[in-house]
Amino acid sequence: MIMNKMRLKQYLSSVLPNTKLLNNILDPFPMTVHFAMTNRCNLFCKFCGQAKNKWRKEDELTFEQYKDLIDQVAAMKNRTVSFCGGEIYLYRDMDKLLEYCHRRQITIEMVLTNGTLLNEHRIKALVEYN
């Protein structure tokens, strides 16, 4: 069952006696924001259904829309993001988006890629952004 934050607090406070401690625990939520950048993939692995989905570039959010979301993440206590999807480097502005997160001092927890589109520039950027 999925509960919203308020219902979860109410439930846990009925179970746990220290609600002040509980509030301190729940305040930093969400801990990480996960972005599914695209369902497109440049591989056609038989064991994976990802590339079978018929996604187009037009189905994806724009860089400006992602920038707005990143700005919202920057206002949160825990400023951590991860990026996944099909092959994230098929998203046209992935390099710019990672750089924008870095400039906004957001921790990039994970970048999930099959690695086939990595180049020297991208590898250096990933190392720089941790």
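The values are calculated or read from the model by the stated rules, or taken from the named source; none is laboratory data. Predicted model only: the values in this text are computed from it and were never measured. Cβ coordinates were reconstructed from backbone atoms using ideal geometry, including for glycine residues, and neighbour counts include every protein chain displayed. Side chains are part of the model used for accessible areas, which takes the heavy atoms of the whole protein and leaves out ligands, DNA and RNA. Shrake-Rupley method; radii C 1.70, N 1.55, O 1.52, S 1.80 Å.
Tell me, which residue of segment 13-46 that is modelled with pLDDT under 75 and closer than 29 Å to Asp93 by Cβ is most open to solvent (accessible area, probe 1.4 Å)? Top of the filtered list is Phe29. Inclusion of Lys96 among residues that are at pLDDT below 95, open to solvent by 70 Å² or more (accessible area, probe 1.4 Å) and either in contact with a strand residue (DSSP E or B) (Cβ under 6 Å, 6 or more places away or on another chain) or not in a strand (DSSP E or B) (or both) is not warranted. The set of residues in segment 87-119 that are over 22 Å from Leu43 (Cβ atoms) and hydroxyl-bearing (Ser, Thr, Tyr) comprises Tyr100, Thr107. The residue that is modelled with the lowest pLDDT, among those in segment 54-83 that are open to solvent by less than 70 Å² (accessible area, probe 1.4 Å) and in a loop (DSSP other than H, G, I, E, B), is Asn78.
Of Gly49, Gly86, all but one fail to be touching a Phe, Trp or Tyr at 6+ places or on another chain (Cβ under 9 Å), at pLDDT 65 or above and either at negative phi or surrounded by 12 or more Cβ atoms within 10 Å (Cβ to Cβ) (or both); the exception is Gly86. May I ask you to say which residue of Glu120, Glu128 is touching a helix residue (DSSP H, G or I) at 6+ places or on another chain (Cβ under 9 Å), of a type in the set (D, E, K, R) and surrounded by fewer than 15 Cβ atoms within 10 Å (Cβ to Cβ)? Matching residue, one of Glu120, Glu128: Glu128.
Comparison of Thr62, Thr38 shows that the only residue that is of a type in the set (S, T, N, Q) and over 14 Å from the mean Cα position of the chain (by Cα) is Thr62.
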